[in-house]
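Asks: What follows is a structure written as structure tokens; I'll ask about it next.
The values are calculated or read from the model by the stated rules, or taken from the named source; none is laboratory data. Everything numeric in this text was worked out from a predicted model, so none of it was measured. Glycine gets a Cβ as well: all are built from the backbone with ideal geometry, and neighbour counts include every protein chain shown. Just so you know, the surface numbers come from the protein's heavy atoms only, side chains and all, with ligands and any DNA or RNA stripped out. Shrake-Rupley method; radii C 1.70, N 1.55, O 1.52, S 1.80 Å.
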Amino acid sequence: MIYFESFFYNGFSFQARLLFGFMLVLSLVIGHRTAEAATVEWTGVVANTCVVTLNSNGLLGVATSGQVMSSEQTAGQPASVAVMSTGPNVVTFGSPAMTLWAPSYTGSPIVSSKQQSNKGHSSTWMVTAHQATVTAGDTLFAVHAQLDDAANAFPMGAYKVSSEVTCAPAN
């Protein structure tokens, strides 16, 4: 150590040597401190939600008798409705109603609808609202509509059937 002292401290004052020694000891103490750590966390909550999206409206085709218009007839097409649910929910297909008809039409058709899904939900033709229970995930529904007038043929003109599709938590 004498050699080190004489080589290293040569030309330094006593105060400078004292400060250097203190800094050397301090750097050794600080240099050996353990690393500090912090835990980072992410939290989240999934609420029971249900989103109904209309992918496409349907088309009514006319039967050869002229007394039935339906999405199942030639040129007809069902409406496409997607339901994204994060939990158990009930999808309600409202009572169908004829909301547009040719001015010369004077009949009283039976208005009905039915649905089927990619997850096995299905119904028969219904004139009132009907429901399907869905679980978490995406469900794609094909919704059909029909106008049936056994007493009258549908005259030339535009026709429309409307039904509201809603989704709410299952009880």
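Asks: Scan the stretch 95-109 and report the pairs whose first residue is more than 15 Å from Q67 (Cα to Cα) and whose second residue is open to solvent by 80 Å² or more (accessible area, probe 1.4 Å) and assigned to a loop (DSSP other than H, G, I, E, B), with Cβ atoms within less than 9 Å and a gap of 6+ or a chain change.
Replies: Hits for this filter: S95/V127; S95/E164; P96/V127.
Asks: Given the conditions (1) surrounded by fewer than 20 Cβ atoms within 10 Å (Cβ to Cβ); (2) more than 15 Å from V91 (Cα to Cα), and given that S123 satisfies all but one, which numbered condition is not satisfied?
Replies: With respect to (1) surrounded by fewer than 20 Cβ atoms within 10 Å (Cβ to Cβ); (2) more than 15 Å from V91 (Cα to Cα), S123 is out only on (2).
Asks: Another question, if that's okay. All but one of (1) open to solvent by 70 Å² or more (accessible area, probe 1.4 Å); (2) over 15 Å from V143 (Cα atoms); (3) in contact (Cβ under 8 Å) with a residue 40 or more places away in the chain hold for E72; state the number of the condition that does not hold.
Replies: (2)
Asks: Tell me, yes or no, whether the stretch 136-151 has at least one residue that is open to solvent by 30 Å² or more (accessible area, probe 1.4 Å), at pLDDT 95 or above and not in a strand (DSSP E or B).
Replies: Yes, because at least one residue in the stretch 136-151 is open to solvent by 30 Å² or more (accessible area, probe 1.4 Å), at pLDDT 95 or above and not in a strand (DSSP E or B).
Asks: Oh, and also: Please work out if V46 is touching a residue at least 12 places away in the same chain (Cβ under 8 Å) and not hydroxyl-bearing (S, T, Y).
Replies: yes
Asks: Taking only the stretch 32-65 into account, find how many residues are part of a loop (DSSP other than H, G, I, E, B), surrounded by 10 or more Cβ atoms within 10 Å (Cβ to Cβ) and of a type outside the set (G, A, S).
Replies: Here the count works out to 4.
Asks: Counting only residues that are under 28 Å from the mean Cα position of the chain (by Cα) and in a loop (DSSP other than H, G, I, E, B), which one in the stretch 90-120 is surrounded by the fewest Cβ atoms within 10 Å (Cβ to Cβ)?
Replies: By that ranking, first place goes to G120.
Asks: Moving on. Could you check, for the stretch 130-144, whether at least one of its residues is without any contact (Cβ under 8 Å) to a residue 60 or more places away in the chain and more than 18 Å from N48 (Cβ to Cβ)?
Replies: Yes: one or more hits.
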